[in-house]
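Trainee: For reference, the structure I am asking about is given below.
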Amino acid sequence: MLVAGIKSRPEYKGIDIDPHAKRHLFVLEGEGALALMERAGSDDGDFLKKTEILYLPSGSVARNHDQALGALEADVFWKAPTLQPLIFRLRACLEGANMGTRIYISGTEGFIGQIVQVALNFGVDFNSLKTEHRGSLARRVQCVHCKGITDNVTTSPVICTHCGLPLLVRDHYSRRLGAFQGVNIDAEEPGTAPEPEEIFP
């Protein structure tokens, strides 16, 4: 269902360590830990002395990525129990951040979108954020009818968890909301929605 040429669709260009940054802030989820671990192994590791890592294990608990991140001996490593405490800690980091701090984000698309949203609310330039998608392709979807948000969507159509409408998951993306748009798939003929198909595993 991916449509070429959708300008709002996010692009994740990968994480490149900025050698001129005064401070590095990594915000990682699940398999996103690998984005940092791969770079740490190919670099002399000096950047880790001025690095803070905020990590949400999410779907990777059994893989012990948290232990591997802790073993990197970054300046600060903090493991969040859930997304909300991670966002709270991220806000505190951004409130105290100085010029020259570089932000790196890696994880699922929904996670990246929510973290980017927090950074933008603090006035961080979107083009300065380094992002890399890792893990599930599940999407965060906003129903354009009731404005409710449904997380971890892997099928299209999907039933809106707020208003119950069957939604076609579009490739149009809102950076402000950190979500893709979902529109009523059977608006003209209610009850004719096709069976859900897993498209974003």
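The values are calculated or read from the model by the stated rules, or taken from the named source; none is laboratory data. Remember, predicted model here, so these are calculated numbers, not experimental data. Heads up, the Cβs are rebuilt from the backbone with ideal geometry, glycines too, and the neighbour counts pull from every protein chain shown. Calculation scope for accessible area: heavy atoms of the full protein, side chains included, ligands and nucleic acids excluded. Shrake-Rupley method; radii C 1.70, N 1.55, O 1.52, S 1.80 Å.
Trainee: In units of 2.2 N^0.38 Å, what is the alpha-carbon radius of gyration of the chain? List each step's numbers first, then the result.
Mentor: On the way: Rg = 18.2 Å, N = 201, 2.2 N^0.38 = 16.5 Å.
For the chain, the normalised Cα radius of gyration is 1.10.
Trainee: Filter the chymotrypsin sites (Phe, Trp or Tyr not before Pro) in segment 110-146 to those in DSSP coil with at most 13 other Cβ atoms within 10 Å of their Cβ, and list the result.
Mentor: Phe122
Trainee: In the chain, what cysteines have no partner Cβ closer than 4.7 Å?
Mentor: For the chain, the answer is Cys93, because their Cβ atoms have no other cysteine Cβ under 4.7 Å.
Trainee: Return the calculated 222 nm mean residue ellipticity for the chain, to the nearest 500 deg cm²/dmol, obtained by summing -39500 (n - 2.57) across DSSP H runs with n ≥ 4 and dividing by the residue count.
Mentor: -6000 deg cm²/dmol
Trainee: Which angle between 0 and 90 degrees, to the nearest 10, do you get for helix 109-121 versus the longest principal axis of the chain when only C-alpha atoms count?
Mentor: 70 degrees
Trainee: While we're on this one: Going out from 0 in 5 Å bins, what whole percent of all Cα-Cα distances in segment 139-198 drops into each bin?
Mentor: 4, 23, 34, 24, 12, 3, 1
Trainee: For labels at Arg91 and Gln117 in the simple 7 Å Cα→Cβ model, what's the distance in nm?
Mentor: For Arg91 paired with Gln117, the spin-label model returns 1.3 nm.
Trainee: Turning to a different aspect of this structure: Using the Kirkwood formula on the Cα atoms of segment 90-201, what hydrodynamic radius do you get, in angstrom to one decimal?
Mentor: Evaluated on segment 90-201, it is 15.2 Å.
Trainee: Still on this structure: How high is the relative contact order of segment 139-198? Use alpha-carbon pairs under 8 Å, at least six apart in sequence, and give a whole percent.
Mentor: Dividing the mean separation by the residue count of segment 139-198 yields 33 percent.
Trainee: If I compute solvent accessible area with a 1.4 Å probe over the protein chains, what percent of it on the chain is carbon and sulfur?
Mentor: Of all accessible area on the chain, carbon and sulfur atoms account for 50 percent.
Trainee: If you bin every alpha carbon distance in segment 23-133 into 5 Å steps from zero, what whole percent lands in each bin?
Mentor: Percent of pairs per bin, in order: 2, 12, 26, 27, 21, 10, 2, 0.
Trainee: What spacing in nm lies between the two simple spin-label points modelled at Glu189 and Ser128, each 7 Å away from Cα in the Cβ direction?
Mentor: With each label point 7 Å from Cα toward Cβ, the separation is 5.3 nm.
Trainee: What is the list of residues in segment 181-201 whose amide nitrogen lies under 19 Å from a point 7 angstrom out from the Cα of Cys146, following Cα to Cβ?
Mentor: So the set is 181-194, 196.
Trainee: Also, quick follow-up: Express the accessible area of the chain per residue in Å², computed with a 1.4 Å probe while the remaining protein chains stay in the model.
Mentor: Details: 10590 Å² over 201 residues.
For the chain, the per-residue accessible area is 53 Å².
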